[in-house]
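Where a number appears in this text, it was derived from the coordinates with a stated rule and is not lab data. Since the model is a prediction, treat every value here as computed from it, not as a measurement. Cβ placement follows ideal geometry from the backbone for every residue including glycine, while neighbour counts extend to all protein chains displayed.
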Amino acid sequence: SALAELKDCLPADCNAGYSNSRTCEMGLSHRSGISYQSIVYLVDRCTAAKK
């Protein structure tokens, strides 16, 4: 699999990932051990008004 060595390539402090494809999110999450979610969540987080 193209993702077989993904976990070993990620920085130790990496704890989240983003993707624009749901099927990629599932594969990346499974192979990396970290949670991947839609890029929309990152955009929302970065553009949300600060309180």
- Is it possible to state the helix-based mean residue ellipticity at 222 nm for the chain, with each DSSP H run of 4+ residues giving -39500 (n - 2.57), the sum divided by total residues, to the nearest 500 deg cm²/dmol? What is it? -12500 deg cm²/dmol
- Task: Please work out the FRET efficiency for the pair A48 and L3, using the Cβ-Cβ distance as r and a Förster radius of 30 Å; give the result to the nearest 0.05.
- Result: 0.45
- Message: Can you give me the angle between helix 22-32 and the longest principal axis of the chain, using Cα atoms only, in degrees from 0 to 90, rounded to the nearest 10?
- Response: 60 degrees
